[in-house]
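The values are calculated or read from the model by the stated rules, or taken from the named source; none is laboratory data. What you see is a predicted model; the values in this text were computed from it and never measured. In this analysis, Cβ positions are derived from the backbone assuming ideal geometry, glycine residues included, and neighbour counts consider all displayed protein chains.
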Amino acid sequence: MHRSFSIQSAVEFLTTYSWAFLLIALMLGVLFVFAFTPKSIISSTCNFYSGFYCYDAVFNTVYSAGHVATGSELKVMLSDTQVGIINISSFNAVISGTPSFMGFCTNTTLRQGNETICTASFNSIETPGTINMGTLYIKGYYCAYALSSLNSEPCTSREGNYIVLGNVRVQSQ
């Protein structure tokens, strides 16, 4: 009879306090997630004030053939949203106050809906995990043709200077 009493009291103890143990375990789990999870949860964002839709931005360290860090580069994936043709003449960025020394886009003649990847190179080497803010600059020339001739016109004229600004929040990888 004494044995059944101790088992019964143990079961009562566990059922009475199991909610408290579960709550403490849940709180410790939430604390662990917020305290020890790397900052990679913060997603990169980029946008332009007009003319382009920005899909994604990546900020990486660049390494030489001997695996020595030589600088950083920002890659931005864009889609042209303007009706017309845009000839991109330059792309550059300023990230955390540091200007890029070189920039280019893979596709420099864009029609509405076309995509390109633009890259800006930096001499500085970023610490992985650092969140960086910056400004993006695209310069070029805009040709406004009739909608029916957009696919056939070459856009060789230099009808006015086209400058588009954007901003980016990106984590160094």
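Restricted to the range 160-173, and to residues there that are closer than 16 Å to GLY51 by Cα and either among the hydrophobic types (A, V, I, L, M, F, W, C) or loosely packed, with under 15 Cβ neighbours inside 10 Å (or both), the residue that is modelled with the highest pLDDT is VAL168. Figure legend. Inter-residue proximity from the range 162-173: first residues in the same structural domain as LYS139 (by TED's automatic domain parsing), second residues of a type in the set (D, E, K, R) and part of a strand (DSSP E or B), beta-carbon distance below 9 Å, spacing 6+ or different chains. Indicated pairs: TYR162/LYS139; ILE163/LYS139; VAL164/LYS139. For GLY66, indicate whether it is touching a strand residue (DSSP E or B) at 6+ places or on another chain (Cβ under 8 Å) and free of Cβ contacts under 8 Å to residues at least 60 places away in the same chain. Against the criterion (touching a strand residue (DSSP E or B) at 6+ places or on another chain (Cβ under 8 Å) and free of Cβ contacts under 8 Å to residues at least 60 places away in the same chain), GLY66 does not qualify.
Scan the range 110-123 and give yes if some residue there is closer than 18 Å to GLN173 by Cα, free of Cβ contacts under 8 Å to residues at least 60 places away in the same chain and of a type in the set (Ser, Thr, Tyr), otherwise no. Within the range 110-123, one or more residues are closer than 18 Å to GLN173 by Cα, free of Cβ contacts under 8 Å to residues at least 60 places away in the same chain and of a type in the set (Ser, Thr, Tyr). Checking SER90, SER100, SER64 one by one, the residue that is exposed (fewer than 13 other Cβ atoms within 10 Å of the Cβ), more than 13 Å from the chain's Cα centre (by Cα) and polar (S, T, N, Q) is SER64 and no other.
Take the residues of the range 105-139 that are among the hydroxyl-bearing types (Ser, Thr, Tyr) and modelled with pLDDT of 90 or more: which is surrounded by the most Cβ atoms within 10 Å (Cβ to Cβ)? The extreme case among them is THR116.
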